[in-house]
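These notes are about the structure you will find just below.
The values are calculated or read from the model by the stated rules, or taken from the named source; none is laboratory data. Since this is a predicted model, take the numbers as computed values, not measurements. With ideal geometry, Cβ positions are generated from the backbone for all residues, glycine too; neighbour counts draw on all protein chains shown.
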Amino acid sequence: MLVLGIESSCDETSIAICQDTSNLQSRILALKTYSQIKEHELFGGVVPEIAARNHLVKIQALTRVAVKDADIKIEDITHIAVTTNPGLIGGLMVGICFAKGLAMQLQKPLININHLDGHIFTTYLTDDLVKNFYCLLISGGHCQTIAVQNFNRKKIYGSTLDDSVGEAFDKLAKLLGLGYPGGAKIEALAKNGNEDAFAFTLQMMRRDEFNFSFSGLKTNFLNTVARLAKQSLNIEPSDLKNITNLHSLLPSDIVADLCASFQKIVASILIDRTLNMIKADGKRFNKLVISGGVAANKYIKQRFINAMQNDGIEVITPPISLCTDNAAMIAAACIAENLYNTICHF
Ligand code: KG4
Ligand code: ZN
């Protein structure tokens, strides 16, 4: 298989060419991603309409460059895989229409890929074929614990009841005026902070709890910041929404402590729910894949490595460049599903 992957569900326009080979080094022949962060930063989040227009502007040129980089002829492609859900409808439409046109012109099968399957199967690109594993999917839009058997049988144990974990990082970063997206910025600030400085409350820590909820933690964080802003800057809570650079007004050690304490509690919640899944699932597998944008967080990964040691579970995370949205993971999901013949051509 020589798969052209297309991803346009959010704010990354991405095209990849991947091969189903046993040689890890050559699975990704080309990967071209245009990140629209600059276009959305100003608004503190992704604006769907702007995202869709940018996908339209970039998608064709990225495809040309990817084909050139892979050193193939476009006719050599055997499958076209495109993200069809979930995502922002405008961006998905651009990717799907482009993929359909290409598939018709080249007379190649068009494969619809669920974006979350893309994150789950990113591991195919960088690790030896892992068929059975637990997955913690932590991204800007999703937070799930999943048991994956033989690639295609997935049992979802837990999902978020409100915000996704990446969204929580982004909202706190917005409150502090750190810009969008906020996860990596919070991680960087947390490095110099004391993670025990603020005791944010741990919620729903029960053996039988699988779902996630970050809204209570978010309110907890907001109230703490409001109290600190009043104490040290005499800013009223009602005026906080007008302050766009709170992080540079508050003492830098306090900002670092806030970020470190938040990150600590998030890691504890994620570990708790993942261990609950593994126990409830009878500890059938010995690998845990952590994927999605938040898997780029080195602190969270290390906490998982420590927590899984006792159970002998190996923690696998994709390289940072493949954690956030990209088309190689969409091509990888297509290849992984084909290995188990679950592809239906349409
Ligand atoms: O997977 P992704 O690119 O998009 C979705 O499918 O949603 O994830 C983006 C999310 C953003 O919320 C971003 O803040 C978060 O991943 N993120 C991080 C880090 N790098 C990216 N969160 C925590 N720590 C990081 N180092
Ligand atoms: Zn994603």
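At a glance:
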item	result
Residue match in segment 123-133 (condition: farther than 25 Å from residue 321 by Cβ, more than 16 Å from ligand 1 (Cβ to nearest atom) and without any contact (Cβ under 8 Å) to a residue 12 or more places away in the chain)	no
Residue match in segment 50-62 (condition: outside any strand (DSSP E or B), within 26 Å of residue 127 (Cα to Cα) and of a type in the set (S, T, N, Q))	no
Unmet requirement for residue 129, which otherwise passes all of (1) within 27 Å of residue 287 (Cα to Cα); (2) of a type in the set (A, V, I, L, M); (3) surrounded by 23 or more Cβ atoms within 10 Å (Cβ to Cβ)	(3)
Odd one out for residue 150, checked against (1) free of Cβ contacts under 8 Å to residues at least 40 places away in the same chain; (2) over 19 Å from residue 292 (Cα atoms)	(1)
Residue 330 among the aliphatic types (A, V, I, L, M) and more than 16 Å from ligand 1 (Cβ to nearest atom)	no
Positions within segment 230-249 being free of Cβ contacts under 8 Å to residues at least 24 places away in the same chain and assigned to a loop (DSSP other than H, G, I, E, B), in sequence order	234, 235, 236
Members of segment 287-303 found to be surrounded by 21 or more Cβ atoms within 10 Å (Cβ to Cβ) and not in a helix (DSSP H, G or I), listed by number	288, 289, 290, 291, 292, 297
Residue 166 within 14 Å of ligand 2 (Cβ to nearest atom), modelled with pLDDT of 90 or more and in a loop (DSSP other than H, G, I, E, B)	no
One residue from 227, 273, 284 being surrounded by 15 or more Cβ atoms within 10 Å (Cβ to Cβ) and either of a type in the set (D, E, K, R) or in a strand (DSSP E or B) (or both)	273
Residues satisfying the stated conditions in segment 304-327, i.e. within 12 Å of ligand 1 (Cβ to nearest atom), without any contact (Cβ under 8 Å) to a residue 60 or more places away in the chain and surrounded by 15 or more Cβ atoms within 10 Å (Cβ to Cβ)	317
Residues of segment 21-45 that turn out to be in a helix (DSSP H, G or I), farther than 16 Å from residue 68 by Cα and over 21 Å from the mean Cα position of the chain (by Cα), as a count	2
Candidate set: segment 7-46, residues that are of a type in the set (A, V, I, L, M) and surrounded by fewer than 17 Cβ atoms within 10 Å (Cβ to Cβ); chosen: the one modelled with the lowest pLDDT	24
Candidates 264, 241 - the one that is among the charged types (D, E, K, R), away from ligand 2 (no atom under 16 Å from the Cβ), under 24 Å from residue 213 (Cα atoms) and at pLDDT below 90	241
Tally, over segment 4-20, of residues that are under 21 Å from residue 86 (Cβ atoms) and more than 21 Å from the chain's Cα centre (by Cα)	0
One residue from 65, 94 being over 24 Å from residue 114 (Cβ atoms) and at pLDDT 95 or above	65
Restricting segment 77-123 to residues that are away from ligand 2 (no atom under 16 Å from the Cβ) and either among the charged types (D, E, K, R) or closer than 20 Å to residue 135 by Cα (or both), the residue that is nearest to the chain's Cα centre (by Cα)	100
Qualifying position, being on the phi < 0 side of the Ramachandran plot and in contact with a Lys or Arg (Cβ under 6 Å, 6 or more places away or on another chain), among 169, 214, 133	133
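The rows are residues; the columns are (1) closer than 30 Å to residue 21 by Cβ; (2) outside any strand (DSSP E or B); (3) under 18 Å from the mean Cα position of the chain (by Cα).
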{"site": "137", "(1), (2), (3)": "yes, no, yes"}
{"site": "140", "(1), (2), (3)": "no, yes, yes"}
{"site": "147", "(1), (2), (3)": "yes, no, yes"}
{"site": "151", "(1), (2), (3)": "yes, yes, no"}
{"site": "162", "(1), (2), (3)": "no, yes, yes"}
{"site": "170", "(1), (2), (3)": "no, yes, yes"}
